[in-house]
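The next block holds one structure in the form of structure tokens; read it before the comments.
The values are calculated or read from the model by the stated rules, or taken from the named source; none is laboratory data. What you see is a predicted model, and the numbers here were worked out from it, not measured in a lab. Neighbour counts run over all protein chains shown; Cβ positions are idealised from the backbone, glycine included.
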Amino acid sequence: MALRRLSNLSILKAIDRAYRVSQERKYDRIYWSLDLHGTVLHGNYLANTYEWISPEIPGLLRKLSEFDETHFILWSSLHPEEIPNVLRFFHDAGIHVFAVNGNPLEGNTQTGNFDAKFYTSIIVDDKAGFDPADWDQVYRATIHYRERYGFTGGNYYPHRSDIEKWPLGWQYV
């Protein structure tokens, strides 16, 4: 797979780094912090009304979420009462969501305090320069770097194909 044309996108560098660091440190998880509006959903400013920003997004996110190592964290300023509806929207599309606005598995360490800023591997946010037109490239790059670094994600969640593992995500808000 040719990634020459894509190498200048910082999101692809972040994916490369996440998989490389995971391999070096023998981590079995890649945490993706996904902003919602303007990144995967249209920003329509209507509560409880969700529309994918493009028709291929749910399929790509579903495929990414099926990798054992992938842990999607929805990173959003939604009001708390709206979060269950967004989780249901993702669930109904077959997309595994691990958590919302936090990472319950990674606590403070000797070198990092994650009380106010949760641990993540990759941030996907339009305000950080991500263009939703790049989702296909993100998927292809993820496949490339998984193979490049021999990443299988271990067997941390052996029944990951069962979407009911996290039926509506971990309610961390």
Q: With the checklist (1) without any contact (Cβ under 8 Å) to a residue 60 or more places away in the chain; (2) within 18 Å of the chain's Cα centre (by Cα) in hand, flag the one item T70 doesn't pass.
A: (1)
Q: Output yes when any residue across segment 98-113 is touching a residue at least 24 places away in the same chain (Cβ under 8 Å), within 26 Å of A141 (Cβ to Cβ) and in contact with a Lys or Arg (Cβ under 6 Å, 6 or more places away or on another chain), and no when none is.
A: no
Q) Can you name the number of the only condition in (1) among the polar types (S, T, N, Q); (2) over 15 Å from Y31 (Cβ atoms); (3) surrounded by 15 or more Cβ atoms within 10 Å (Cβ to Cβ) that T111 fails? A) (3)
Q) If N101 passes every condition in (1) touching a helix residue (DSSP H, G or I) at 6+ places or on another chain (Cβ under 6 Å); (2) closer than 19 Å to S33 by Cβ; (3) at pLDDT below 95 but one, which one does it miss? A) (1)
**Q.** Meets criteria (at pLDDT 90 or above, over 21 Å from D16 (Cα atoms) and among the charged types (D, E, K, R)) for R88
**A.** yes
Q: Determine, yes or no, whether S33 is exposed (fewer than 14 other Cβ atoms within 10 Å of the Cβ), out of contact with any helix residue (DSSP H, G or I) (no Cβ under 7 Å at 6 or more places or on another chain) and among the hydroxyl-bearing types (S, T, Y).
A: no
Q. Considering segment 83-104 alone, what residues qualify as being outside any helix (DSSP H, G or I) and either surrounded by 14 or more Cβ atoms within 10 Å (Cβ to Cβ) or acidic (D, E) (or both)?
A. A93, G94, I95, H96, V97, F98, A99, V100, N101, G102, N103
(Q) Regarding segment 11-25, can at least one residue be identified that is loosely packed, with under 14 Cβ neighbours inside 10 Å and either among the β-branched types (V, I, T) or at pLDDT below 85 (or both)? (A) yes
Q: Identify, by number, the condition in (1) part of a loop (DSSP other than H, G, I, E, B); (2) hydroxyl-bearing (S, T, Y); (3) under 19 Å from V21 (Cα atoms) that T142 doesn't meet.
A: (1)
Q. Restricted to segment 21-65, and to residues that are over 17 Å from the mean Cα position of the chain (by Cα) and in a helix (DSSP H, G or I), which residue is farthest from G150 (Cα to Cα)?
A. R25
